[in-house]
Amino acid sequence: MKVRKAVVPVAGLGTRFLPATKAIPKEMLTVVDRPIIQYIVEEIVASGIKEVVLVTASGKSAIENHFDYSFELEIFLSQKGKLDLLREVRHISDLIEVVSVRQKEPLGLGHAVKVTEPVVCNEPFVVVLGDDMVDAKVPCVFQMLKVFEEFQQSVVAVQKVPLDETHRYGIIEGEEVAEGVYKVQRLIEKPAPGTSTSDLAIIGRYVLRPEIYGCLNRTLPGVGGEIQLTDALDCLRKEQGLYAYEFKGNRYDAGDKMGYLQATVNYALTHPDLGRRFKEYLKKLVANLDE
Ligand code: UTP
């Protein structure tokens, strides 16, 4: 079954980034020269998917507007002869077909995925979190689709994290069945210290078979009163099996201040126009820090 749709939940409140996110969605915060959400969408498109289902909420219309035509701006740029900028602005709107689904209350990631059922229906899809950036030679979503094609079961992206940080993530335990591919045997949401020896943390990329909706519909609110995607994934694991894939690339949680800063430095260093100058600047800065 071909994967044609990507669900991108962007309905969260972004409380870790207040006050910056009081009036601006965190997914619209700029990393170097583009909002975070544009990096996410570019990864999806580079992986061969053009249909994006945004899970939005009130106060998030800037995200939809970013991927829509902006006639006044385009006419202005065209009249001023600023054709490069016009092309850039048009390119963003032409990247994807967007469908928006409203999550009326931020009841958790599982709930955000659940509300897309009428739009996605009976086909496999990817979920890409709107604030989780992955810088990789081969787009992370593309890597995951390859694993899905091979194993024909749902796949979650994982990365190794320090053991003293596992309590911040959904953690998987499993058996490695191919290089970097694990058959999941156990899933634990934010394990208390000492309750799991695994350091494989789930990050914001999933390829899911449509049966996840049945599981979500049966999932009761869990940790924090939210409908946890991890709980529904455990149901899916029991019903049909689940794989985890240790993707190749660097991941940044841009919804967190430290992750955002790291993402900014990384993308600035690899930026075609700014990278070299920024690196020189950082070298001088670091030399002065050591003095
Ligand atoms: P996060 O947990 O990072 O988002 O969810 P949050 O709740 O906005 O963040 P904090 O903890 O308050 O700072 C990851 C992604 O899932 C979306 C978020 O918008 C983010 O892109 N999300 C989360 C939803 O769409 N709905 C929810 O109910 C929760």
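General remarks:
- Count of residues meeting criterion [within 9 Å of the ligand (Cβ to nearest atom) and exposed (fewer than 15 other Cβ atoms within 10 Å of the Cβ)] in the stretch 31-49: 0
Here's the yes/no breakdown for (1) aliphatic (A, V, I, L, M); (2) under 29 Å from Tyr260 (Cα atoms):
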site	(1), (2)
Val127	yes, yes
Glu150	no, no
Gln153	no, no
Val158	yes, yes
Glu179	no, no
Ile188	yes, yes
Thr195	no, no
Ser198	no, yes
Ile202	yes, yes
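- Members of the stretch 182-215 that are assigned to a strand (DSSP E or B) and touching a helix residue (DSSP H, G or I) at 6+ places or on another chain (Cβ under 6 Å): Val184, Leu187, Glu189, Arg205, Val207
- The set of residues in the stretch 146-166 that are over 19 Å from Arg237 (Cβ atoms) and either assigned to a helix (DSSP H, G or I) or touching a helix residue (DSSP H, G or I) at 6+ places or on another chain (Cβ under 9 Å) (or both) comprises Lys146, Glu149, Val161, Leu163, Asp164, Glu165.
- The listed residue being surrounded by fewer than 15 Cβ atoms within 10 Å (Cβ to Cβ) and either away from the ligand (no atom under 15 Å from the Cβ) or acidic (Asp, Glu) (or both), out of Gly224, Gly194: Gly194
- Considering the stretch 237-266, and only residues there that are hydrophobic (A, V, I, L, M, F, W, C) and buried (at least 22 other Cβ atoms within 10 Å of the Cβ), the residue that is nearest to Val156 (Cα to Cα) turns out to be Ala244.
- Members of the stretch 1-30 found to be assigned to a strand (DSSP E or B), within 14 Å of the ligand (Cβ to nearest atom) and either surrounded by fewer than 20 Cβ atoms within 10 Å (Cβ to Cβ) or of a type in the set (Ser, Thr, Tyr) (or both), listed by number: none
- Top-ranked residue in the stretch 200-221 [being over 20 Å from the mean Cα position of the chain (by Cα) and either within 16 Å of the ligand (Cβ to nearest atom) or surrounded by fewer than 21 Cβ atoms within 10 Å (Cβ to Cβ) (or both); ranked as nearest to Val115 (Cα to Cα)]: Asn217
- All positions within the stretch 105-136 that are more than 10 Å from the ligand (Cβ to nearest atom), outside any helix (DSSP H, G or I) and not hydrophobic (A, V, I, L, M, F, W, C): Thr116, Asn122, Glu123, Pro124, Asp135
- When Leu216, Leu208, Leu236 are checked against the criterion of being in contact with a Phe, Trp or Tyr (Cβ under 9 Å, 6 or more places away or on another chain), aliphatic (A, V, I, L, M) and touching a residue at least 24 places away in the same chain (Cβ under 8 Å), Leu208 stands alone in meeting it.
- Restricting the stretch 54-69 to residues that are in a helix (DSSP H, G or I) and among the small types (Gly, Ala, Ser), the residue that is farthest from His111 (Cα to Cα): Ala62
- The stretch 253-291, residues that are part of a loop (DSSP other than H, G, I, E, B), free of Cβ contacts under 8 Å to residues at least 60 places away in the same chain and in contact with a Phe, Trp or Tyr (Cβ under 7 Å, 6 or more places away or on another chain): none
The numbers here are math on the coordinates, done by the rules we state, and not lab data. The shown structure was predicted, so the numbers you read here are calculated from the model rather than taken from an experiment. Counting neighbours? That spans all protein chains shown, and the Cβs are built from the backbone with ideal geometry, glycine included.
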